[in-house]
Amino acid sequence: MRKLLLVLFVLLGSSSLFSQISLLEKEQQIKSEFDGLVLADTDSLKLSICNKIEKLFSDLLVEEQSFDYPFSELSKMGKLTSPDQKFRIFNWNCVLSDGSYRYFGLLQIKLKKSIYVENLTDSELAGDMFHQYKPANWPGALYYQIIPFKTKSGSSYFLLGWDGNDFRTNKKLIEVLSFDENGQATFGIPVILWKGKILNRIVFEYAKQAGMTIQYHEKEKRIVFDHLAPSSPNYQNQFEYYGPDFSYDALEYQKGKWVLVENVDVRNK
């Protein structure tokens with residue numbers, strides 16, 4: 001019996017080791033493609049490489065052990081894990097010759113008995129604040145933080161993101177992500193109340209040379225962000241002249257909605 005148990009432990013250990021080696025080899029292949037992306041000198045070549053990375057990585061992420069694998073060699077890719085360990089987001093951008101950005105992303109979702117992967121297809125709709133989208137029409141961005149919150153139907157998540165937009169302006173986003181019982185993702189459920197309107201996401205646009213912050217204050221359960229304004233009243237709605245005016249607004253949870261609260265006090269926070 002002891003010999004049998006020893007053989008089983010050796011076999012299980014070998015299987016885990018071989019899986020780790022396989023993941024490392026595939027990770028190195030994807031890293032090599034990212035190195036090629038840096039050197040690519042035409043839009044068509046850049047997009048071709050990005051599509052190849054997407055295919056290689058989506059095939060890799062369905063492997064069960066990949067959910068806990070760090071992918072630390074992929075430094076040119078954003079990697080986020082939800083605080084509740086239910087999903088991961090991997091995404092990256094491609095800067096085109098006209099100054100615009102194309103985004104690529106993958107959602108890796110842990111189900112009860114399997115791993116499910118959704119490819120995110122950039123629809124270039126990052127300015128739209130009034131519609132829901134499935135992954136096939138994803139409002140592309142680079143995400144840098146996941147903030148869970150509860151809804152009547154279960155758990156949803158705010159995604160804080162950045163979009164390089166064009167030569168004149170940047171954008172930042174507060175996106176809303178939710179999943180159904182089968183792991184199917186939806187972007188933009190309407191939970192934001194903003195000056196009398198129900199929004200599916202918030203998009204801020206501001207001057208390329210300006211900087212904008214969005215931060216989650218966990219203690220107060222609110223998302224705080226710079227208030228943007230034009231440098232002169234003459235530049236109203238000309239977002240290449242917008243930047244922070246040293247005041248702050250926030251989203252606060254009230255009766256099932258996240259409500260805009262203006263001019264919040266952020267001292268000592």
Looking at region 156-166, can you tell me whether even one residue there is of a type in the set (A, V, I, L, M), exposed (fewer than 14 other Cβ atoms within 10 Å of the Cβ) and in contact with a Lys or Arg (Cβ under 9 Å, 6 or more places away or on another chain)? no
For region 179-198, give me each residue that is surrounded by fewer than 16 Cβ atoms within 10 Å (Cβ to Cβ) and over 18 Å from ASN137 (Cβ atoms). GLU181, ASN182, TRP194, LYS195, GLY196, LYS197, ILE198
So, in region 164-184, of the ones that are of a type in the set (D, E, K, R) and more than 26 Å from TYR116 (Cα to Cα), which residue ends up farthest from the chain's Cα centre (by Cα)? ARG168
Checklist (1) charged (D, E, K, R); (2) farther than 22 Å from ASP98 by Cα; (3) out of contact with any Asp or Glu (no Cβ under 9 Å at 6 or more places or on another chain); (4) not in a helix (DSSP H, G or I) applied to GLU73, failing item: (3)
Residues TYR144, TYR133, TYR101: which one is among the hydroxyl-bearing types (Ser, Thr, Tyr), within 13 Å of the chain's Cα centre (by Cα) and within 29 Å of TRP194 (Cβ to Cβ)? TYR144
Screening LYS76, LYS46 for residues that are crowded, with 16+ Cβ neighbours inside 10 Å and touching a helix residue (DSSP H, G or I) at 6+ places or on another chain (Cβ under 8 Å) leaves only LYS46
Return the total of residues in region 222-262 being loosely packed, with under 15 Cβ neighbours inside 10 Å, hydrophobic (A, V, I, L, M, F, W, C) and either more than 28 Å from PRO148 (Cα to Cα) or free of Cβ contacts under 8 Å to residues at least 24 places away in the same chain (or both). 1
Output the residue which, of all residues in region 105-116 that are buried (at least 20 other Cβ atoms within 10 Å of the Cβ) and among the aliphatic types (A, V, I, L, M), is farthest from the chain's Cα centre (by Cα). ILE109
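Since every read-out is calculated from the coordinates, none of them should be taken as a lab result. Computed from a predicted model, the values in this text were never measured in an experiment. Glycine gets a Cβ as well: all are built from the backbone with ideal geometry, and neighbour counts include every protein chain shown.
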